[in-house]
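What follows is calculated from the coordinates using simple rules that are stated; it is not laboratory data. Predicted model, so just to flag it, every value in this text is computed and none were measured. Ideal geometry is used to build each Cβ from the backbone, glycine not excepted, and the neighbour counts take in all protein chains shown.
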Amino acid sequence: MQRDDMVTAMTDIMANFTNYLGKHLPDDIMAKLGQLRSAEEKPLAKVVYDSMFENLAQADALDRPCCQDTGVIQFFIKAGADFPLLSDVREILDEAVRRATRAAPLRHNAVEIFEEKNTGNNTGERIPWIDWEIVPNDSGIHLDVYMAGGGCSLPGQGKTLMPAAGYEGVVQFVFDVMTSYGVNACPPLLVGIGIGGSIEVAANLSKKALFRPIGSRHPDPRGAEMERLIEDGLNEIGIGPQGVSGTDSVMGVHIEKAARHPSTISVAVSVGCWAHRRGAIRINADMSYEILSHKGVTL
Ligand code: SF4
């Protein structure tokens with residue numbers, strides 16, 4: 001395939017995938033919402049879960065976004081060092097977002113800082129946001145695509161603690177954030193926690209924690225235990241779907257970590273809402289692709 005044809009092919013794939021993501025939640029979120037709905041005991045909370053599933057069915061039937069808030073579109077990429085279109089990825093994703101915005105259609109959400117002007121096509125300075133990791137000895141590219149809604153971005157916070165605050169300080173920070181702002185983010189929530197030595201590291205990891213499949217646990221047993229304890233504690237609060245109170249509060253709690261400076265411990269929280277529109281796709285060097293988040297879907 002010629003280079004121009006490859007650029008066209010990848011642009012088509014990503015435009016169609018971004019459009020699709022705005023209308024269909026990934027398999028693991030659908031399964032978890034179904035599980036929480038079955039376990040729910042409070043009548044009002046049951047009604048809210050029913051309305052969520054009705055909303056999703058209507059979005060599918062009418063081919064419309066499942067939430068009015070497109071969010072800001074973000075791509076977290078693990079790019080093979082030998083992927084042939086590395087130089088074209090920014091241009092491809094900008095164009096894919098513009099096309100998905102027209103085709104879906106998606107609400108316009110990119111507002112330029114200082115100008116305070118909505119660009120009208122969901123692209124702008126550094127938006128869609130692209131986060132890069134380069135993978136040696138690989139010729140494909142893996143993209144986690146995320147629509148970061150306003151309500152679920154609102155609880156996003158971070159803090160660098162004195163080391164003596166320890167992991168108790170980390171847990172206290174998470175609970176302070178979730179009990180202050182969690183209800184604004186359209187629960188049940190997916191809670192991403194980043195722990196590291198400086199604030200930008202913790203913030204970045206907290207967002208990446210949202211891409212781990214629901215039901216997965218941190219590979220370190222101590223991290224897994226901390227996830228379980230925080231999840232149980234947040235569920236005890238019983239925020240319920242859309243904050244009406246209910247049996248549970250969260251779809252999951254995921255922790256990602258990086259080694260820290262001895263004198264600091266930074267923690268950050270990112271939150272995903274019930275309409276957690278994320279998708280994972282791998283594109284190979286020959287432009288064949290596999291959708292990992294929504295099984296059996298072709299674009
Ligand atoms: S928090 Fe999520 S479900 Fe609620 S309005 Fe924002 S994007 Fe939509």
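Structure summary
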| read-out | value |
| --- | --- |
| Bridge type composition, the chain - antiparallel percent by DSSP, nearest 5 | 70 percent |
| Qualifying chymotrypsin sites (Phe, Trp or Tyr not before Pro) for segment 81-165 [loop in DSSP, other Cβ within 10 Å: at most 14] | Phe114 |
| Reach of Lys117 by Cα under 15 Å, taken over aspartates and glutamates that are not fewer than 8 positions away in the same chain | Glu125 |
| The chain: relative contact order as a whole-number percent, Cα under 8 Å and 6+ apart | 25 percent |
| Under 24 Å from Lys42, Cα to Cα: lysines that are on another chain or at least 8 residues apart | Lys32 |
| Loop-exposed GluC sites (Glu not before Pro) per DSSP, neighbour cap 16 Cβ within 10 angstrom, longest uninterrupted part of the chain | 126-299 |
| Cleavage-rule hits (trypsin sites (Lys or Arg not before Pro)) in segment 222-295: DSSP loop, at most 10 neighbouring Cβ within 10 angstrom | Lys295 |
| Unsatisfied cross-links (Cα-Cα over 19 Å) in the set Lys23/Lys78; Lys257/Lys295; Lys159/Lys257; Lys159/Lys208; Lys46/Lys207 | Lys23/Lys78; Lys257/Lys295; Lys46/Lys207 |
| Fraction in percent of alpha-carbon pairs per bin - 10 Å, segment 154-272 | 16, 50, 30, 5, 0 |
| Between segment 111-142 and segment 155-208, the Cα center-to-center distance that results, in Å | 24 Å |
| For the chain, built as a Gaussian network whose Cα springs stay under 10 Å, the top-fluctuating residue of Val97, Val177, Val47 | Val47 |
